[in-house]
1. When the residues of segment 28-44 are narrowed to those that are at pLDDT below 75 and among the polar types (S, T, N, Q), which ends up nearest to residue 179 (Cα to Cα)?
2. Does segment 148-206 hold any residues that are assigned to a helix (DSSP H, G or I) and among the charged types (D, E, K, R), and which are they?
3. Counting only residues that are buried (at least 17 other Cβ atoms within 10 Å of the Cβ), under 23 Å from residue 6 (Cβ atoms) and either free of Cβ contacts under 8 Å to residues at least 40 places away in the same chain or not small (Gly, Ala, Ser) (or both), how many does segment 132-149 have?
4. Within segment 177-201, track down each residue that is buried (at least 19 other Cβ atoms within 10 Å of the Cβ) and among the charged types (D, E, K, R).
5. So if I check each of 75, 84, 21, which one is surrounded by fewer than 16 Cβ atoms within 10 Å (Cβ to Cβ), among the hydrophobic types (A, V, I, L, M, F, W, C) and either assigned to a helix (DSSP H, G or I) or in contact with a Leu (Cβ under 8 Å, 6 or more places away or on another chain) (or both)?
6. Please give the number of the condition residue 52 fails out of (1) more than 29 Å from residue 183 (Cβ to Cβ); (2) surrounded by 17 or more Cβ atoms within 10 Å (Cβ to Cβ).
7. Restricting attention to segment 93-127, report how many residues are more than 18 Å from the chain's Cα centre (by Cα), crowded, with 16+ Cβ neighbours inside 10 Å and either among the polar types (S, T, N, Q) or at pLDDT below 85 (or both).
8. Test residue 107 against the criterion of being in a helix (DSSP H, G or I) and within 17 Å of residue 194 (Cα to Cα), and give yes or no.
Amino acid sequence: MQSDLQINHRNFIIYKFLNSLFTGVSVGILFVIYSNNIEPSTYSLGGIALAGLMMMLSLMYSKILNNYYFFRISLFVELVLLFLIIYFLIFSFSTTTSLLIYCGYQLSFVFGSYLLRAETLSLKKDKILTWVDMSKNAGYLVGLLVSFLFYKIIESDFQFQVLGYNISGLNIANNELQVFNIHYLLLIIEVIIIFSLIKSFKRVKN
């Protein structure tokens, strides 16, 4: 039951590209969300909890380092991120929101080392691992570029006409409004990521 999943390499490479694209697009949002809302001591407590949970998870490697758990833990992490995005779009900026997002991201970081090791063990072949790492780097770079262009476009105050229609910039200079608006883009990306993750694993008929 726990070994009936195989990875579709092509779809998995696309998934890792999109996953890193998300990271690149979202790289600046946490600095704005966390600013002035979380006490510095909270980061210390969060780091302690993170280290402790990672140690506990590592004790379970003999059981969970397989495709069965690799898929389910990967999906769990992506669903946590999807929940955080939707929650933020509904409730916006607040101390509660900042703490929830901080805890959610810390929870996803707990599985970071596991996912990397499971990925390496599952893929095995050097050529596939090379393509996966290349897709990660490419996705991250594209994500950074997308976020840069997004912020520059929505803060611009341009005006021009296309086929008689007036096109104007949003002129949003406020950092919090910029971060709020980019979450709509992150929502779209995350939904596509979850779909690509599901397509990356296939059941093997015994």
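The values are calculated or read from the model by the stated rules, or taken from the named source; none is laboratory data. Bear in mind the structure is a predicted one, so any value in this text is a computation, not a measurement. A quick note on method: Cβ atoms are made from the backbone with ideal geometry, for glycine too, and the neighbour counts reach across all protein chains shown.
1. 35
2. Going through segment 148-206, the residues assigned to a helix (DSSP H, G or I) turn out to be 148-155, 175-200.
Hits for segment 148-206 are 152, 155, 176, 190, 199.
3. So the count comes out to 2.
4. If the condition is that a residue be buried (at least 19 other Cβ atoms within 10 Å of the Cβ) and among the charged types (D, E, K, R), then 190 is the only one that fits.
5. Details: 84 fails: surrounded by fewer than 16 Cβ atoms within 10 Å (Cβ to Cβ); 21 fails: surrounded by fewer than 16 Cβ atoms within 10 Å (Cβ to Cβ).
Selected residue: 75, the only one of 75, 84, 21 that is surrounded by fewer than 16 Cβ atoms within 10 Å (Cβ to Cβ), among the hydrophobic types (A, V, I, L, M, F, W, C) and either assigned to a helix (DSSP H, G or I) or in contact with a Leu (Cβ under 8 Å, 6 or more places away or on another chain) (or both).
6. If we test residue 52 against (1) more than 29 Å from residue 183 (Cβ to Cβ); (2) surrounded by 17 or more Cβ atoms within 10 Å (Cβ to Cβ), just (2) comes out false.
7. So the count comes out to 1.
8. Details: in a helix (DSSP H, G or I): yes; within 17 Å of residue 194 (Cα to Cα): no.
Taking the combined requirement at face value, the residue does not satisfy it.
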